[in-house]
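Beneath this line is the structure, given in structure tokens, with notes to follow.
Nothing in this text is a laboratory measurement; each read-out follows from the coordinates by a stated rule. Note that the structure is predicted; figures quoted are calculated from it, not measured.
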Amino acid sequence: MAKTKQMRQDSTAVCLQFLRLSGGKARLSQISFSKNTVQKLLNQELVKIKRTESGYYLELKEVELCS
């Protein structure tokens with residue numbers, strides 16, 4: 001069980017790093033992270049989903065603080 005928990009923590013960290021390297025946002029339909037990973041980040045309020053005319057994007061919340 002501990003190994004599964006460690007793997008989940010690693011995938012959320014990788015997703016956050018991916019978003020940082022992508023300029024703080026990525027198109028939701030084009031990311032390869034699981035729904036569970038995205039949901040965990042949403043629950044922790046580290047990311048948000050933003051609807052635009054061109055689709056849905058997963059964005060880091062910390063980007064707003066830098067702008």
Per-residue HN-Hα couplings for region 16-24, Karplus 6.51 cos²θ - 1.76 cosθ + 1.60 at θ = phi - 60°, whole Hz, x for Gly and Pro?
4, 5, 4, 5, 4, 6, 8, x, x
Can you list residues whose amide H is under 5 Å from Lys61's amide H, if they're 5+ apart or on another chain and H is modeled 1.01 Å from N?
Val47, Lys48
